[in-house]
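Step one of this worksheet: look at the structure below.
The values are calculated or read from the model by the stated rules, or taken from the named source; none is laboratory data. This one's a predicted model, so the numbers in the text were calculated from it and none came from an experiment. Note: ideal-geometry Cβ built from the backbone for every residue, glycine included; neighbour counts use all protein chains shown.
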Amino acid sequence: MKFTLGWLKEHLDTTASLEHVVETLTRIGLEVEGVEDAGATLAAFRVARVLTAAPHPQADKLQVLTVDAGDGPLQVVCGAPNARAGLVGVFGAPGAVVPSNAMVLKVASIRGVESNGMMCSTRELELGDDHDGIIELPADAPVGTPYPDYAGLNDPVFDVAITPNRQDCMGVRGIARDLAAAGLGTLKPLAGIYRQDNLDPVAGEGPGPDVRTDDADGCPAFFAQGVAGVTNGASPPWMARYLTAIGQKPISVLVDITNFLSVDLGRPLHVYDRATLRGGLVARKATAGETVVALNGKTYTLDATMTVIADDVAVHDIGGIMGGEESGVSADTTDIVIECAYFDPDHIARTGQKLQLTSDARQRFERGVDPAFLDEGLSIATRLVLDHCGGTASGVTRAGNPPLGRRAYAYGIDKAETLGGLAVPADRQRAIFESLGFGVDAVWNVTPPTWRRDIDGPADLVEEVIRIEGIDKVASVPLPRVPGVARPTATPEQKLERRVRRAAAARGLDEAVTWSFVSEAQAAPFGGGTWTLANPISEDLKVMRPSMLPGLLSAAQRNLASHADSVRLFEIGRRYLPGRDGASHERATVGIVLTGDRRPRGWREGRGVAFDAYDAKAEAIALLGVAGAPVDNLQVMGPESNGAADGAGEAWHPGQSGTLRLGPKTVLAAFGMLHPRVRKAFDLDLPVAAVELYLDAIPAKRANGFMRPAYAPPALQSVTRDFAFLVPADLAADALVRAVRGADKKAIVAARVFDVFTGQGVEDGMKSVAIEVVLQPGDKSFTDEELKAIRAAIVAAAEKQGATLRG
Amino acid sequence: MDDPKLVALSEIEQCDTPARLEEIRVQTLGKSGSITALTKTLGSMTDEERRAQGPIIHAIKQTISDAIGTRKVALEDAALDARLATETLDMTLPADVPAGGTIHPVSQVMDELAEIFADLGFAVATGPEIEDDWHNFTALNIPESHPARAMHDTFYFPAPDGAARKMLLRTHTSPVQIRTMLNQKPPIRIIAPGRTYRSDSDATHTPMFHQVEGLVIDKGITLGHLKWTLETFLKAFFERDDIVLRLRPSYFPFTEPSAEVDVGFTMEKGKRVIGGSDGWMEVLGSGMVHPKVIAACGLDPEEWQGFAFGCGIDRLAMLKYGMDDLRPFFDGDIRWLKHYGFSGLDVPTLSGGVGA
């Protein structure tokens, strides 16, 4: 919402300084986003006449001017092609600051000729884009006058953000009222502002225009008055100046009056050229598919929920949002109908959203206009038309009734303190309410004014008191504190996530945060997305990720493209899956992507080494361990399929990936090498190892206090025995190890593979697997017989897996 | 110079190899060594002679033995020194130091928030990011036609036929307020950090960003408590005592009264630094929870009242740690992550300070 200080002072009798007004507006909730004070920034620039112009002795494109800016001739070097003797323009003396580049003008020597300032272009003064030459003013412009005074730029322009609840402050009047309540002056009587004795309805001649409303929901009230014999010329200078100052181009006095009143009073109006209308005007619901060309030149197709103003033949107005092109006024217009209607805010909001059409009118009707101001609004408009366009007014037609119901709220004056934290004396509260137009009776029933439909209960009333009295006066009050040290608040899930995150970082992984949405193509190898946006910001950010990996793979690709040698990224976030009853199932998941060098080439180890599937497995197991999963009990199984029958579109390398499970169904993690096809889709040339870790699948740690079991190291030393088995090449090592471990559950405390060998001495289709077994004696050392028996049991168990002990 | 002792000591002194030393030991202390021969003479002596000679001969034997021992250690030391001299490595060569990883600033700041607010008795609550419009809007006093909905630039999901609920990406963390009030009896003190989404993308907006919501529901809570809480939080977060807040009356449909909160900054080396009051920056939206919101959650607004606030986490991170562009937050660029990220060991604690 833009307006000028001068405009504000039309409504507000005040001596407050600009700074005071700005500060007060923000303090009472009308946030000043900017103040443009061209008068101040251009104060040092003056109207000046070029007395003489002669070629510069050293430069073809420059001229040496003598300029009179009111203090006698000054020598100025100028490069503008239009600089010539007799020209009246704008001159900046040394010390002036050029707005466009913040340069301070100085006396300078330009190609050996002294120059004492600058003749300016519109662009240099930020008054326009023209930079073809210096500003040319009329020959009678008073030399020596500060340019802002001459050009009428001395009126600072405010830009104030009006929150959606403040219907009243969509007009300068409402802002003035708020400032008056805040003690910045007094609100002037409305009639005087428009140079009227009163604002009674204009008693015109003859009947009012033929208007009615058939849509009491969308347009409960449609008031109108005709004026015949008008001349639609240029606006009076004061009106044109206000509109220009806030960036609205004056068009014609009839259009400008509606634009002016929209900003001045927050009261949108519409003016129809009567000659274009066939029959009377009716507010009705559009018929589905009906179209209208609006004033912005675009054609809108309407539906049956939208309120329009139409004549017998066509729609002329998208009610309360934008007028139609056909019936708009022009320079030739002589007879008009002025519409002053009340459109229902909900209807306006819905229609505006559907049509994606915003306008000053919509912004105001959507917030709600003052339903008690239709007569006055129409009267002001008619009076301004009569004053500035001449003509004869008709009678007034009042169709329908604006919703005037006012509700009183029982208010307790202590509420300012018990809710707002500020004790305000009763008489002060009463004064605040009354200055804002609220009615207050003896027992504190408070009735909001008709222009404050946002007020809906005592809490809103407290806000009015606090914001006018000063929210800065509210004192800080400590929240009551539970005695003692603060209690822990983190949930097990939160603690788990924190541990895993910090462990991953400690293991050398960099945490990324990537978009929650990916493209459909990126989601496809990972089972595709369930949640696809109806209105994505782009195709790349369309599907809620079904996996943590697509976002990380894209990031990895970008890193490799910018010459990273090694990429070790992780992210902890959610995967978005279908849940129950149409809701989502958002699963806390860790994603890890490893690509590039696991180890760079070096003087110790020689060539660099790329990441492989075992690196992924190591990260998975390490982090599962940190997360408290029983890593010793995990089973390694094959990768989960995305369900495609032919295996197409799978994410993982079929032979170099797997899942870590607790039992056959509970998948805690997937790990391995990415399928080369997926890699290619992400434009990744190097092998990629990856992990997905499903935090929500990890069984919760049982809480059993802080006490640990007693420390009881074995009394006797353990014994280590090595076994080398020949096994079929496709036997999973894990199966062999499990069999070996199971051979004597009491004595065998550990078994691990320490060598796998194929090649010379091992026949084709077989491999040699060497296992180190740790045996722990109990009370007594193992006897030779016992060791023999354990050995025999181990070999027998291995043989069941198709293994034979190597000699 | 026939004194066997002096001969032996001289030889020991001059000996320069372990082998030669062993020879000398055999020649002197060995079975038929010269000193051994001397001790053997004791057997043929009279008691008196033996009493006189015994200690002398034993002393000689001891002296020789000690000398051999000392020499042996000296020779071994010399041999070790010689060997070590050949084992010199270039200690300037690089060692393999595994690259450290990093914590993303957003996660770090979330942990900082949790730590600070835990001290004030706030737990951390969560809710779904794919929300329905009731939790995201309606329950928060934002009916369908409300202009505030248009301000939110909401991402929607297509509604399947017959679906009761319209699903969307939450535009703020405020629906967690609703879920908390529905599921938990007051008094309530929570913060709810998380991802939020708006269909907006320019230099200062990304379609995904992070917010933290705060909610207190209790008896007798006023705007004064809100002010204190925000001051206390911001002082703790920025670890500065010169934090100045400015509350501005504003509007949010789900709070009444509502206030936007500006924090004062000073200019240092061309950057805005939080603290002081040379200028104001908007950091928070807040207010007293609207009675309609409390009622929508099944609580009696006559009995319970409280405050809520919301704040951009990415923005908090930028203000504290000096990033001046939001967009790289979500690029996963390792160079940026290494530059602005945190060590895994930078765990925010009250005793160590929450900042790192």
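Scanning the stretch A:172-218 for residues that are closer than 22 Å to residue B:258 by Cα and assigned to a loop (DSSP other than H, G, I, E, B) gives A:182, A:183.
Summed over the stretch B:152-166, residues that are more than 7 Å from chain A (Cβ to nearest Cβ) and either modelled with pLDDT of 90 or more or not in a loop (DSSP other than H, G, I, E, B) (or both) total 1.
Residue pairs whose Cβ atoms lie under 6 Å apart, separated by 6 or more positions or on different chains, with the first residue in the stretch B:292-314 and charged (D, E, K, R) and the second part of a strand (DSSP E or B), are B:314/B:209; B:314/B:210.
Whenever a residue of the stretch B:82-98 is closer than 16 Å to residue A:604 by Cα and more than 14 Å from chain A (Cβ to nearest Cβ), it has no partner that is loosely packed, with under 10 Cβ neighbours inside 10 Å and of a type in the set (Phe, Trp, Tyr) lying with C-beta atoms less than 8 angstrom away and at least six residues away or across chains. Residues in the stretch B:256-315 that are assigned to a loop (DSSP other than H, G, I, E, B) and more than 30 Å from residue B:239 (Cβ to Cβ): B:290, B:297, B:298, B:299, B:300, B:301, B:302, B:303, B:304.
For the stretch A:48-66, name all the residues that are in a loop (DSSP other than H, G, I, E, B) and without any contact (Cβ under 8 Å) to a residue 40 or more places away in the chain.
As a first pass, look at the stretch A:48-66 and keep what is in a loop (DSSP other than H, G, I, E, B): A:56-62.
Matches in the stretch A:48-66: A:60, A:61.
Scanning the stretch B:253-269 for residues that are under 23 Å from residue B:177 (Cα atoms) and among the aromatic types (Phe, Trp, Tyr) gives a single hit, B:254.
Filtered by the rule that a residue be in contact (Cβ under 8 Å) with a residue 40 or more places away in the chain, at the interface with another protein chain (Cβ under 8 Å from one of its Cβ atoms) and not in a helix (DSSP H, G or I), the stretch B:222-250 gives a lone residue, B:222.
Are any residues in the stretch A:517-534 part of a loop (DSSP other than H, G, I, E, B) and either touching a strand residue (DSSP E or B) at 6+ places or on another chain (Cβ under 6 Å) or more than 7 Å from chain B (Cβ to nearest Cβ) (or both), and if so, which ones? Walk me through it before giving the result.
Residues of the stretch A:517-534 part of a loop (DSSP other than H, G, I, E, B): A:519, A:527-531, A:533-534.
Across the stretch A:517-534, the qualifying residues are A:519, A:527, A:528, A:529, A:530, A:531, A:534.
Restricting to the stretch B:1-60, give me the number of residues that are in a helix (DSSP H, G or I), of a type outside the set (A, V, I, L, M, F, W, C) and surrounded by fewer than 15 Cβ atoms within 10 Å (Cβ to Cβ). Spell out how you get there, then give the answer.
Of the residues in the stretch B:1-60, the ones in a helix (DSSP H, G or I) are B:4-14, B:18-29, B:34-44, B:47-60.
So of that shortlist, the ones also of a type outside the set (A, V, I, L, M, F, W, C) come out as B:4-5, B:10-11, B:13-14, B:18, B:20, B:22-23, B:25, B:27-28, B:34, B:36, B:39-41, B:43-44, B:47-51, B:53-55, B:58.
Those still in the list that are surrounded by fewer than 15 Cβ atoms within 10 Å (Cβ to Cβ) too: B:10, B:13-14, B:18, B:22-23, B:40-41, B:43-44, B:47-49, B:51, B:54-55, B:58.
Summing the residues that are in a helix (DSSP H, G or I), of a type outside the set (A, V, I, L, M, F, W, C) and surrounded by fewer than 15 Cβ atoms within 10 Å (Cβ to Cβ) in the stretch B:1-60 gives 17.
Residue count for the stretch A:715-753, restricted to those that are in contact with a Gly (Cβ under 8 Å, 6 or more places away or on another chain), of a type in the set (A, V, I, L, M, F, W, C) and not in a strand (DSSP E or B): 3. From the list A:229, A:280, A:206, the one residue that fits, being of a type outside the set (D, E, K, R) and not assigned by TED's automatic domain parsing to the domain that holds residue A:341, is A:206.
With respect to the conditions (1) surrounded by 13 or more Cβ atoms within 10 Å (Cβ to Cβ); (2) of a type in the set (Asp, Glu); (3) part of a helix (DSSP H, G or I); (4) more than 7 Å from chain A (Cβ to nearest Cβ), residue B:66 falls short on a single one, namely (1). Here residue B:202 passes the criteria (1) without any contact (Cβ under 8 Å) to a residue 40 or more places away in the chain; (2) under 20 Å from residue B:106 (Cα atoms); (3) of a type outside the set (A, V, I, L, M); (4) within 8 Å of chain A (Cβ to nearest Cβ) except the one numbered (4). Quick check, is residue A:748 out of contact with any His (no Cβ under 8 Å at 6 or more places or on another chain), among the hydrophobic types (A, V, I, L, M, F, W, C), more than 27 Å from residue A:638 (Cβ to Cβ) and buried (at least 16 other Cβ atoms within 10 Å of the Cβ)? Considered against the rule, which asks whether it is out of contact with any His (no Cβ under 8 Å at 6 or more places or on another chain), among the hydrophobic types (A, V, I, L, M, F, W, C), more than 27 Å from residue A:638 (Cβ to Cβ) and buried (at least 16 other Cβ atoms within 10 Å of the Cβ), residue A:748 comes out as yes. Restricted to the stretch A:32-87, and to residues there that are charged (D, E, K, R) and under 14 Å from residue A:117 (Cβ atoms), the residue that is surrounded by the fewest Cβ atoms within 10 Å (Cβ to Cβ) is A:71.
Does the stretch A:417-430 contain at least one residue that is under 38 Å from the mean Cα position of the chain (by Cα), surrounded by fewer than 19 Cβ atoms within 10 Å (Cβ to Cβ), within 14 Å of chain B (Cβ to nearest Cβ) and polar (S, T, N, Q)? Yes: the stretch A:417-430 contains one or more residues that are under 38 Å from the mean Cα position of the chain (by Cα), surrounded by fewer than 19 Cβ atoms within 10 Å (Cβ to Cβ), within 14 Å of chain B (Cβ to nearest Cβ) and polar (S, T, N, Q).
This table checks each residue for (1) crowded, with 16+ Cβ neighbours inside 10 Å; (2) among the aliphatic types (A, V, I, L, M); (3) assigned by TED's automatic domain parsing to the domain that holds residue B:215; (4) not in a loop (DSSP other than H, G, I, E, B).
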site	(1), (2), (3), (4)
B:134	no, no, yes, yes
B:142	yes, yes, yes, no
B:173	yes, no, yes, no
B:191	yes, yes, yes, yes
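Checking each residue in the stretch A:295-310 for being touching a residue at least 12 places away in the same chain (Cβ under 8 Å), over 23 Å from residue A:346 (Cβ atoms) and among the polar types (S, T, N, Q) picks out only A:296.
Starting from residues that are in a strand (DSSP E or B) and at the interface with chain B (Cβ under 10 Å from one of its Cβ atoms), keep the ones in the stretch A:579-595 and report whichever is farthest from residue B:99 (Cα to Cα).
A:584
Take residue A:567 and tell me if it is touching a helix residue (DSSP H, G or I) at 6+ places or on another chain (Cβ under 6 Å), among the β-branched types (Val, Ile, Thr), assigned to a strand (DSSP E or B) and without any contact (Cβ under 8 Å) to a residue 40 or more places away in the chain. Yes, satisfied. Entry remark, the stretch A:470-516: residues being in a loop (DSSP other than H, G, I, E, B) and either among the small types (Gly, Ala, Ser) or closer than 26 Å to residue B:349 by Cβ (or both) number 23 in total.
For the stretch A:539-553, check the following and say yes or no: at least one residue is facing chain B (nearest Cβ under 9 Å), of a type in the set (Val, Ile, Thr) and either crowded, with 23+ Cβ neighbours inside 10 Å or under 27 Å from the mean Cα position of the chain (by Cα) (or both). The answer is no; no qualifying residue exists.
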